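The values are calculated or read from the model by the stated rules, or taken from the named source; none is laboratory data. What you are looking at is a predicted structure, and each value in this text was computed from that prediction instead of being measured. Methodologically, a virtual Cβ is constructed for each residue, glycine included, from the backbone with ideal geometry; neighbour enumeration extends over all protein chains shown.
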Amino acid sequence: MAGLDLTAIDHVLATTRSVRKRLDFDRPVEPTVIEECLRLAIQAPTGGNTQGWRWIVVTDAEKRSALAELYREIATPYLKAGLGEPGSISAQQERVVDSATYLSERLHDVPVHVIPCLYGELDALPNFAAAGSYGSIFPAVWSFQLALRSRGLGSVLTTLHLPLADRAAELLDIPSGVTQVGLIPVAYFTGSDFKPAVRRPMEEVTYWNGWKQSR
């Protein structure tokens, strides 16, 4: 398409990582940057154009600390269980657990927490309807993360506080009938850039016209 820098777009798409250890806890994040990224996020497609998303941006230190405590109630035993017996998981999985543990321990220091929400109580929906509802907000979540990445900020979509979402709702005055779908820690990232991740070849995971059929 004329006027689009595909090299830059492809670079952002290929290098938007889940950032945990490289979040800058000391550099403030300007509210205007968050708002700019959310303006882009809500251009994402949404089922039936319902636009039922709502975004809670938490910058208050006491509330971030309280959210982090809720998060750790679930994350600490969950991540310990994820390590399993010595040698039971791969080196790559160990690095992921180590990174997630680090984030859990420092979550209160991340300058901005963003909680995407959606109108409706999704637990009561049949599978197809729940899929449609989540599909109405996760494209916007990813657009938000891409917009952050292009401006030098890192993020990661986390969900470990959701078993205690009712307590988070009380803390943030979220009304009944609204579903929290995650918690996104946001900060500027340290270092200059990210590399594409190591992935299985596209050809190994892509089938044409039927399961495990090649083009």
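Key figures
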{"item": "Condition met for Arg54 (in contact with a strand residue (DSSP E or B) (Cβ under 7 Å, 6 or more places away or on another chain), surrounded by 14 or more Cβ atoms within 10 Å (Cβ to Cβ), among the basic types (Lys, Arg) and without any contact (Cβ under 8 Å) to a residue 60 or more places away in the chain)", "result": "no"}
{"item": "Flag if Glu94 is at negative phi, over 17 Å from the mean Cα position of the chain (by Cα) and modelled with pLDDT of 95 or more", "result": "no"}
{"item": "Any chance Ala131 is in contact with a strand residue (DSSP E or B) (Cβ under 6 Å, 6 or more places away or on another chain) and in a helix (DSSP H, G or I)", "result": "no"}
{"item": "Criterion: in contact with a Cys (Cβ under 9 Å, 6 or more places away or on another chain), surrounded by 12 or more Cβ atoms within 10 Å (Cβ to Cβ) and among the small types (Gly, Ala, Ser) - qualifying residue of Ala147, Ala129, Ala140, Ala100", "result": "Ala147"}
{"item": "For Asp60: the one exception among (1) exposed (fewer than 14 other Cβ atoms within 10 Å of the Cβ); (2) more than 23 Å from Pro175 (Cβ to Cβ)", "result": "(2)"}
{"item": "Leading residue by the ranking (surrounded by the most Cβ atoms within 10 Å (Cβ to Cβ)) among those in the range 28-49 that are among the β-branched types (Val, Ile, Thr), part of a loop (DSSP other than H, G, I, E, B) and modelled with pLDDT of 95 or more", "result": "Val29"}
{"item": "Close pairs (6 angstrom Cβ cut-off, 6 or more residues apart or separate chains): more than 20 Å from Arg22 (Cα to Cα) and at pLDDT below 95 in the range 125-153, part of a helix (DSSP H, G or I) and hydrophobic (A, V, I, L, M, F, W, C) anywhere", "result": "Ala130/Leu122; Ser133/Leu122"}
{"item": "Filter result for Gly210 (modelled with pLDDT of 95 or more and either touching a Cys at 6+ places or on another chain (Cβ under 8 Å) or surrounded by 15 or more Cβ atoms within 10 Å (Cβ to Cβ) (or both))", "result": "no"}
{"item": "Residue among Ala2, Ala8 that is assigned to a loop (DSSP other than H, G, I, E, B), over 20 Å from the mean Cα position of the chain (by Cα), at pLDDT below 95 and not basic (Lys, Arg)", "result": "Ala2"}
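Conditions tested, residue by residue: (1) among the aliphatic types (A, V, I, L, M); (2) under 20 Å from Val186 (Cα atoms).
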{"residue": "Asp5", "(1), (2)": "no, no"}
{"residue": "Asp10", "(1), (2)": "no, no"}
{"residue": "Ala14", "(1), (2)": "yes, yes"}
{"residue": "Val19", "(1), (2)": "yes, yes"}
{"residue": "Asp24", "(1), (2)": "no, yes"}
{"residue": "Val29", "(1), (2)": "yes, yes"}
{"residue": "Ile34", "(1), (2)": "yes, yes"}
{"residue": "Leu38", "(1), (2)": "yes, yes"}
{"residue": "Ile42", "(1), (2)": "yes, yes"}
